[in-house]
Structures are given as C-alpha cells and as structure tokens.
Amino acid sequence: MGSRCVKFGVIALILTGHWKFNMAPHGKELSEDLKKRIVALHKDGLGYKKIAKTLKLSCSTVAKTIQRFNWTGSTQNRPRHGRPKKLSARAQRHIQRLSLGNRRMSAASIAAEVEGVGGQPVSAQTIRRTLHQIGLHGCRPRRKPLLKMMHKKACKQFAEDKQTKDMDYWNHVLWSDETKINLFGSDGVKRVWRQPGEEYKDKCVLPTVKHGGGSVMVWGCMSAAGTGELQFIEGTMNANMYCDILKQSMIPSLRRLGRRAVFQHDNDPKHTSKTTTALLKKLRVKVMDWPSMSPDLNPIEHLWGILKRKLEECKVSNIHQLRDVVMEEWKRTPVATCEALVNSMPKRVKAVLENDGGHTKY
C-alpha cells in the first residue's frame, strides 16, 4: 500500500511539473581517428584514467569506447534504425503529384487529400517534411506581369530579331521608363532581422504616416554612357505632357549617343498615341519596336530598383526633400552601373528565348 502511494505521489509530481529530470546532455560523437587512438593506447597497456587524461576525455567515454570495441571488434557505430516512415512510397509520389500539379495548394489541403484517398491521417507538418525531402519548399512567389500567349509570342519574336545584335548596337540605345517613388515605406514587402521582444524597436518597425505622405512620379532615361535626363511628372500624364518630356528631356539625351541612337519606350497608350508618333516622326527619332508586357527586357527597371534602395538610406520628411534627394542620387549613379545593366542585354535576350517568351530571372 505504501509503495503504491509513493508511485502515485511521484506521478503527481511529474504531471504538475514539480519534478524535474536532470538529463545528461548529449556530447558530440567521437571521430573514427579518435576512437582508434583510444583503442591503440588501451592495447599498449594504458588504463582508462591515463587515456582520458592524455586525450582530454572523460573516463566514461573512454570506457564505453573500449567496451564497444571488445564487444563488436570495431570502433564504428552499429546501424541505427529510426522510426519507420509513416507514408509509403506510393503516398509520397501522390503528394509530389499534388504539389507539382497545383503549386499554390497548402500543406493542410494536401494532407486532407491524402487522407481522403488512403484513409490514413496525415499532419500538415508531415506533408511539409515530405516535400522538403524532394526539394520543394514554400516560398514567396515572384511578382511578374500576367503574360498571355500573345505577349509571349511577341517577346519571343523580339528576342529572335535581336539575338544577333552586338554590344555596339545596345550601346546606342536610349532606355526610358516612368516609375513612382514613395515618401514613406514602399509598395513591396519588407523584412527585418530581429530577436524576440524587439518587435517595437525603432530599427525593427516600418514607419507610416496618417497625413503628409505621398509619392512622386518621374520619367527617366539611361544608356551605356550613364544616366540621362530625369523629369518629375506633375499630375496625370497625357500624350501632350509626354511630348513635352520628349522634347525637353529625351532629345538632349538621345543626341549624346550620335546618329545611330535608337529610342526605347514601352507600349503605354501615351507613348503610342497619334500625337506622340507624329512628334517622333517629325524629329526623325529611330524608335525600337518593343513587345508589350516585357519589363524583363528593359535594364532601366533594375536602375529604378537600385535608386529606390539608395533612397531608403536617406531620411526625408516631405516631398520637396524627396525630389532633391532623387535628383541628387540619379546624377550620382556611376556610369559603370548603367554600362553593366546594358551589357546584360544579350543574356536577357537569351533567357527569353530559353523560356519560350515567358518570365525570366530579370
């Protein structure tokens, strides 16, 4: 009766958390060379204590190593048998087919599907672990424009026409585009490195404002020779405003590239309007035929990204300061940066061909 009460008391202490086990920590496994040295010293007649002192190990480690050698005749560990896999090879193939068939299918949905087919309950964590073993990991999808078949065909045709062009041709192209630059924050997802309890530190939060924020729209151009003109856009840009930008900012930048210069802009309705087309024809500007929905091919897109990352390091509090900093950083852009971006054009064209007109890493 007394022993039974003691057992119940011990169980109660364990369940309530008042009983703590002092588990010995697991040390690192000894290397094969070290195990062989222990056995060799023991064969030479040294005792456990002397071996432990010589190799700076504990006596228990030395004793276990020698005892294992005496039992098995080897210093290598015996094969270890872990817990058997819960999922069969057939179930794993089914999981792989489901995940590859629908890349946006969650682990919980796959688990429910597997359980519905085989009747075996499976957790979402088991699904994730299985997918990790075959090289599939949950990642944030890249943001890319929606490409229809007509867009892919146009991009592929452009790449086929330009794949024989050398760097002398690309060096005479004036690339242009518009972009929005925010005063606070950004349109993308930001991440920070932080430790537990640092959620509200100044360095770990993304500041927002209720009033006084805003953004600026800019038009810019670049070539292998460096950045061209940059102009701020007031209000909503229409074809007439775009024509003014072309006359005031594009033409001076284009003339610096000489007679062989080619002007590039996308197929925005303002760029392809009758007013804009007539102006470019009057000014005798060679315009590159550009496929729709193809930002991967335009190196100025990467220049905007470089500019915005630089602006994140600058502390500005209003639109006027933002304009000054944008213009200053734009003019400060090294020529080598623009040259490197333009030098990537043959690789961009090749990537489009390899992906049959689809998305590329650019």
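Quick notes on this structure:
- Against the main long axis of the alpha-carbon atoms of the chain, helix 59-72 sits at an angle near 80°.
- Calculated FRET value between residue 327 and residue 244, using beta carbons and R₀ = 25 Å, to 0.05: 0.85
- If the Kirkwood radius is taken over C-alpha pairs of the stretch 149-354, then at 20 °C and 1.002 mPa s the Stokes-Einstein diffusion coefficient equals 114 µm²/s.
- Sorted by Cβ density within 10 Å, fewest first, the residues 241, 250, 222: 241, 250, 222
- Here's how it looks for residue 173: its modeled amide H is under 5 Å from those of 224, 262, which are all 5 or more places away or on a different chain.
- GNM top mover of 139, 338, 155 - the chain, alpha-carbon springs below 10 Å: 139
- Under the Debye formula (equal points on every Cα, no solvent term), log10 I(q)/I(0) of the stretch 30-74 at q = 0.13, 0.18, 0.29 Å⁻¹: -0.21, -0.42, -1.14
- The local environment of residue 148, defined by Cβ-Cβ distances under 14 Å, has a net charge of +3 under the rule Lys, Arg +1 and Asp, Glu -1.
- Mean separation of Cα contacts under 8 Å, 6 or more apart, over the residue count of the chain: relative contact order %: 17
- For the stretch 72-182, the square roots of the Cα gyration tensor eigenvalues, ordered a ≥ b ≥ c, give a/c of at least 1.5 with a/b greater than b/c, which places it in the prolate category.
- Counting only alpha carbon atoms, the long axis of helix 2-16 and the longest principal axis of the chain meet at about 10°.
- Electrostatic bookkeeping for residue 240 treats Lys and Arg as +1 and Asp and Glu as -1; over the other residues with beta carbon under 15 Å from its beta carbon, the sum is +1.
- Neighbours of residue 77 by Cβ distance under 13 Å: Lys/Arg scored +1, Asp/Glu scored -1, total +3.
- Nearest-ten-degree value, helix 319-332 long axis tilted from longest Cα axis of the chain: 90
- The shape of the stretch 239-362 comes out oblate: with a ≥ b ≥ c from the C-alpha gyration tensor, a/c is at least 1.5 while a/b does not beat b/c.
- Helical runs assigned H by DSSP (4 residues or longer) give the chain a calculated mean residue ellipticity at 222 nm of -14000 deg cm²/dmol, each run adding -39500 (n - 2.57) before division by the residue total.
- When the Gaussian network model of the chain links Cα atoms closer than 10 Å, the mean-square fluctuations of 273, 176, 123 top out at 123.
- Relative contact order, whole percent, for the stretch 30-74 stands at 35, derived from Cα pairs under 8 Å and 6 or more residues apart.
- Test item: Cα-centred dipole of the chain, Lys/Arg +1 and Asp/Glu -1 on Cβ, debye: 2080
- Choice from 137, 151, 172 showing the highest fluctuation, given a GNM over the chain with Cα pairs closer than 10 Å: 137
- Normalised by residue count, the stretch 89-133 yields a Cα convex hull volume of 63 Å³ per residue.
- Point-charge dipole on Cβ atoms (K/R +1, D/E -1) for the stretch 89-133, about Cα centre, debye to 20: 220
- Intensity falloff of the chain expressed as log10 I(q)/I(0), Debye formula with alpha-carbon point scatterers, at q = 0.09, 0.10, 0.15 Å⁻¹: -0.82, -0.89, -1.31
No value in this document is a laboratory result; all are computed from the given coordinates. What you are looking at is a predicted structure, and each value in this text was computed from that prediction instead of being measured. As a convention, Cβ positions derive from the backbone with ideal geometry for all residues, glycine included, and neighbour counts pool all protein chains shown.
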